[in-house]
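The structure appears right after this line, and notes come after that.
The values are calculated or read from the model by the stated rules, or taken from the named source; none is laboratory data. Model, not experiment: these values are computed from the prediction. Note that each Cβ is placed from the backbone with ideal geometry, even for glycine, and that neighbours are counted across all protein chains shown.
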């Protein structure tokens, strides 16, 4: 079974620009969550999508948004980028919530976003 | 609100010696607890979980963890450390109901195994 795939792996953007990151979950997983990892703040939850609906949201400004498609692939968008948005963005997929699903989440390798 | 504490930023251990990485948690109700490992420039890799049942859970690569409800702890252990175990370890908690699949992570513990 293929794992969680995040694209692109690396990205350099300029302040004020916007960026879209993509995540393809493990086949059959309907839950996709996004996390931001920085040296100062650690791992912070951004939001979770399940069957195309956002069902949980972390404490991030409205510049951070996401969506999920009918095939469970998810995208997150950050508008008006700030230097502080530089981070590793991790996507996690889970089968919890589906019949016979399990509880653990599986992570992709992340997208390293650098804002200059 | 749920929270996780990993009191040690770094743990150093000699290869062949046992290792322990500490984790304490706070959550309403019975917790779902997880350990993940992260190698440089990589995502998080699932090691093991506690949902219910035996307090000692076994996971990947010879790791195990001991759940202690009275001390609200979930320490990660391995009987004999390897140099290749050197990595960043995260403890995470999720509440049993509500909150979807949101995980709350500790700050991470850097494990360094030396020859």
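From the set of residues in the range B:40-53 that are at pLDDT below 95 and more than 7 Å from chain A (Cβ to nearest Cβ), which is surrounded by the most Cβ atoms within 10 Å (Cβ to Cβ)?
Checking each candidate, the answer is B:50.
Give, as residue ranges, the strands (runs of 3 or more DSSP E) completely inside the range A:1-108 that count at least 3 residues that are surrounded by 17 or more Cβ atoms within 10 Å (Cβ to Cβ) and within 14 Å of the chain's Cα centre (by Cα).
Numbers: elements: A:5-7, A:10-13, A:19-24, A:31-38, A:42-50, A:53-57, A:64-68, A:74-78, A:87-94, A:105-107.
Once the strands (runs of 3 or more DSSP E) in the range A:1-108 are filtered for at least 3 residues that are surrounded by 17 or more Cβ atoms within 10 Å (Cβ to Cβ) and within 14 Å of the chain's Cα centre (by Cα), what remains is A:19-24, A:31-38, A:42-50, A:64-68, A:74-78, A:87-94, A:105-107.
Yes or no: residue B:82 in contact with a helix residue (DSSP H, G or I) (Cβ under 7 Å, 6 or more places away or on another chain) and either more than 10 Å from chain A (Cβ to nearest Cβ) or at pLDDT 90 or above (or both)? Write out each step before concluding.
Details: in contact with a helix residue (DSSP H, G or I) (Cβ under 7 Å, 6 or more places away or on another chain): no; either more than 10 Å from chain A (Cβ to nearest Cβ) or at pLDDT 90 or above (or both): yes.
So residue B:82 fails the test.
Given (1) on the phi < 0 side of the Ramachandran plot; (2) in contact (Cβ under 8 Å) with a residue 12 or more places away in the chain; (3) surrounded by fewer than 19 Cβ atoms within 10 Å (Cβ to Cβ), where does residue B:31 come up short, assuming only one miss?
(3)
Taking the criterion of being more than 14 Å from chain B (Cβ to nearest Cβ) and free of Cβ contacts under 8 Å to residues at least 60 places away in the same chain, would at least one residue in the range A:32-47 satisfy it?
Of the range A:32-47, the ones more than 14 Å from chain B (Cβ to nearest Cβ) are none.
There is no residue in the range A:32-47 that is more than 14 Å from chain B (Cβ to nearest Cβ) and free of Cβ contacts under 8 Å to residues at least 60 places away in the same chain.
Kindly evaluate residue B:92 against the criterion of being within 29 Å of residue A:3 (Cα to Cα) and either under 10 Å from the mean Cα position of the chain (by Cα) or not in a strand (DSSP E or B) (or both). Let's see the steps before the verdict.
Details: within 29 Å of residue A:3 (Cα to Cα): yes; either under 10 Å from the mean Cα position of the chain (by Cα) or not in a strand (DSSP E or B) (or both): yes.
It is true that residue B:92 is within 29 Å of residue A:3 (Cα to Cα) and either under 10 Å from the mean Cα position of the chain (by Cα) or not in a strand (DSSP E or B) (or both).
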